[in-house]
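Notes follow once the structure below has been shown.
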Amino acid sequence: MSELSVEHLLGIKYLKETDIDLIFKTADHFKEVINRPIKKVPSLRDITIANLFFENSTRTKLSFELAEKRLSADVINFSAGQSSVKKGETLIDTVNNILAMKVDIVVMRHASVGAGVFLSKHVDAKIINAGDGTHEHPTQALLDSYSIREKLGSVKGKKILIVGDVLHSRVALSNIFALQLQGAEVKVCGPTTLIPKYISSLGVAVETNLKKALEWCDVANVLRVQHERMDIKYFPSTREYTQLFGINKEILDNLGKKIVIMHPGPINRGVEITSDVADSNESIILNQVENGVAVRMAVIYLLAQQVKR
Amino acid sequence: MSKKILLNSKDIEIILHRLACQLIENHNDFSNTVLIGLQPRGSFLANRLADILKNEYQVKDLQLGLLDITFYRDDFRRRDAPLAATATKMDFLIEGKNVVIIDDVLYSGRSVRAALTAMQAYGRPDNIELLVLIDRRFSRHLPIQPDYRGRQVDAINEEKVLVTWKETHKKDAVYIEFK
């Protein structure tokens, strides 16, 4: 198979396992490309991509922009902070105005759940969801699985633990979908206030004891505590969170086995993870960032193949 | 669909040895020359030639790369079937080198054009030559001609030249397929 079964990348839940395989195989080739002296291919010369970020982002935006430029696409960037959104323009109007400038693909991050799906029904462009509220962040989940596959050979049959603020995390939800699709076992660990009630309906087990959870897993994906999304107190203090759910060298040393440490960034050093763990040999945090560019190149390339001339 | 055999394994063996000798004539000990097979099909020919040069003509230190040109093609979004890439294996730079591009069949010349663009990512070579097993005359879309050719074939557009290798089809042969 050399074509995606979907027309947009709105979420992992719309993908098939064969789509993920195809994305990863394509990403392998792009990973080789971005390690060449000249890290650029001319494939998307006649494609224009708009990056619409209605919510703050540093690494995802940089990663997408780099991926687009390495494929030779023309790129325009938009941040809600400096735009007419502040003047009351609706999402469809904003996007249609941008599409009137002949844009083929839209990469969008938005604070509202389902913004990508909504947009895909109303505008004539390929949509890539770069995060919609607390819902999905498909490219992050893809690069996480890709990094696990690179480190451990495959994702199938592996035990993956997601630690921390699962409730506010679109990374967690997309990861759960992606990992289960590829045949991995997923468990979550965190304060019960930050574990969503629906989690068991997804076939995900909950463990509130961090040590037990770490003993179970092959890979621990540590999430950031998203203070900005917490309108109420979910745990008494950051210090208490760190004591109960923070990952440090001592707890890992006492496991009697090595586990792979991941983090989607940005890291709150000393809160959910200590510096010595984040910078250790078991951590693949920076590989995730590198793989992010290759995986995003693959997604964009595969969707661009479907753009009509 | 019928097919006619154009070259059998014996013919191919003789041609490969001739091509190897022609390469030695121009490139001596290959100290400043690299061979680049175009993925996927040119790599079988490139590997075979490299083996002959190393084992039968004692060429030491032969550098062989395999280059995928998918992302450099000019028919992206212009064909029905999507393009699938294969791996690139180039663990050297070609700055200042003599490069021999190797492919099985030269038809429109567009793959070679894509290869010329793709190679720019690995430096500026001193010169580039082209070696093909089958040169389909009168079918070029671009001003590209081979420097070394195994056999020249006059095939009309509806006919297809099919090269099979021991590694994939159990025998070396070249066929012309008629519709």
Exercise. Return the residue satisfying two criteria in turn: it lies in region A:55-94 and is assigned to a loop (DSSP other than H, G, I, E, B) and modelled with pLDDT of 90 or more, and of such residues it is farthest from the other protein chains (Cβ to nearest Cβ).
Key: A:ALA73
Quiz prompt | Count of region B:112-124 residues which are more than 7 Å from every other protein chain (Cβ to nearest Cβ) and surrounded by 21 or more Cβ atoms within 10 Å (Cβ to Cβ) | solution = 5
Quiz prompt | Selection from region B:58-69 of residues that are in contact (Cβ under 8 Å) with a residue 24 or more places away in the chain and either more than 16 Å from B:ASP103 (Cα to Cα) or not acidic (Asp, Glu) (or both) | solution = B:VAL59, B:LYS60, B:ASP61, B:LEU62, B:GLN63, B:LEU64, B:GLY65, B:LEU66, B:LEU67, B:ILE69
Quiz item: Does any residue of region A:6-27 turn out to be touching a residue at least 40 places away in the same chain (Cβ under 8 Å), within 25 Å of A:ALA172 (Cβ to Cβ), surrounded by fewer than 17 Cβ atoms within 10 Å (Cβ to Cβ) and touching a strand residue (DSSP E or B) at 6+ places or on another chain (Cβ under 8 Å)?
Solution: yes
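How many of the residues in region A:275-309 are charged (D, E, K, R), part of a loop (DSSP other than H, G, I, E, B) and away from chain B (no Cβ under 14 Å)? Reasoning before the result, please.
Initial filter on region A:275-309 (charged (D, E, K, R)): A:276, A:279, A:282, A:290, A:296, A:308-309.
Now narrow it down to the ones that are part of a loop (DSSP other than H, G, I, E, B): A:279, A:282, A:308-309.
Checking which are away from chain B (no Cβ under 14 Å) leaves us with A:279, A:282.
Adding up the residues that qualify gives 2.
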Self-check item: Matching residues, region B:150-171, being aliphatic (A, V, I, L, M) and assigned to a loop (DSSP other than H, G, I, E, B)
Solution: B:ALA155, B:ILE156
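Residue-by-condition table, conditions (1) within 28 Å of A:ALA304 (Cβ to Cβ); (2) in a helix (DSSP H, G or I); (3) not acidic (Asp, Glu):
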{"site": "B:LEU49", "(1), (2), (3)": "no, yes, yes"}
{"site": "B:LEU53", "(1), (2), (3)": "no, yes, yes"}
{"site": "B:TYR57", "(1), (2), (3)": "no, no, yes"}
{"site": "B:LEU66", "(1), (2), (3)": "yes, no, yes"}
{"site": "B:ARG78", "(1), (2), (3)": "yes, no, yes"}
{"site": "B:ALA114", "(1), (2), (3)": "yes, yes, yes"}
{"site": "B:THR117", "(1), (2), (3)": "yes, yes, yes"}
{"site": "B:LEU133", "(1), (2), (3)": "no, no, yes"}
Practice problem: Specify which of the listed residues (A:ILE38, A:ILE20) is within 14 Å of another protein chain (Cβ to nearest Cβ), β-branched (Val, Ile, Thr) and not in a strand (DSSP E or B). | Solution: A:ILE38
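Can you tell which of B:ASP126, B:ASP75, B:ASP80, B:ASP135 is in contact with a helix residue (DSSP H, G or I) (Cβ under 8 Å, 6 or more places away or on another chain) and not β-branched (Val, Ile, Thr)?
Working: B:ASP126 fails: in contact with a helix residue (DSSP H, G or I) (Cβ under 8 Å, 6 or more places away or on another chain); B:ASP80 fails: in contact with a helix residue (DSSP H, G or I) (Cβ under 8 Å, 6 or more places away or on another chain); B:ASP135 fails: in contact with a helix residue (DSSP H, G or I) (Cβ under 8 Å, 6 or more places away or on another chain).
The conditions single out B:ASP75.
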Quiz item: What is the one condition in (1) within 27 Å of A:PHE24 (Cα to Cα); (2) more than 14 Å from chain A (Cβ to nearest Cβ) that B:ASN55 does not satisfy?
Solution: (1)
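Quick check, is B:THR88 within 14 Å of another protein chain (Cβ to nearest Cβ), touching a helix residue (DSSP H, G or I) at 6+ places or on another chain (Cβ under 6 Å) and closer than 20 Å to A:ASP28 by Cβ?
yes
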Quiz item: Among the residues of region B:27-57, how many are closer than 28 Å to B:ARG124 by Cα and without any contact (Cβ under 8 Å) to a residue 12 or more places away in the chain?
Solution: 3
Exercise. Search region A:41-54 for residues being assigned to a loop (DSSP other than H, G, I, E, B) and under 20 Å from A:LEU9 (Cα atoms), and hand back the single one that is nearest to the other protein chains (Cβ to nearest Cβ).
Key: A:SER43
Practice problem: Tally the residues that are more than 26 Å from A:ALA27 (Cα to Cα) and buried (at least 16 other Cβ atoms within 10 Å of the Cβ), restricting the search to region A:269-309. | Solution: 5
Quiz item: Which of the residues belonging to region A:111-147 are within 16 Å of the chain's Cα centre (by Cα) and farther than 27 Å from A:GLN182 by Cα?
Solution: A:ALA111
Quiz item: Only one of A:ASP165, A:ASP144, A:ASP132 is closer than 21 Å to A:ILE284 by Cα, modelled with pLDDT under 95 and either buried (at least 24 other Cβ atoms within 10 Å of the Cβ) or among the polar types (S, T, N, Q) (or both); which?
Solution: A:ASP165
Quiz item: Can you spot a residue in region B:64-82 that is charged (D, E, K, R) and more than 14 Å from chain A (Cβ to nearest Cβ)?
Solution: no
Self-check item: Options B:ILE102, B:ILE94: the member that is of a type outside the set (D, E, K, R) and either part of a helix (DSSP H, G or I) or away from every other protein chain (no Cβ under 11 Å) (or both)
Solution: B:ILE102
Quiz item: What is the one condition in (1) farther than 30 Å from A:MET297 by Cβ; (2) surrounded by 20 or more Cβ atoms within 10 Å (Cβ to Cβ) that B:SER31 does not satisfy?
Solution: (2)
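The values are calculated or read from the model by the stated rules, or taken from the named source; none is laboratory data. The structure displayed is predicted, hence computed values, not measured ones. Ideal geometry is used to build each Cβ from the backbone, glycine not excepted, and the neighbour counts take in all protein chains shown.
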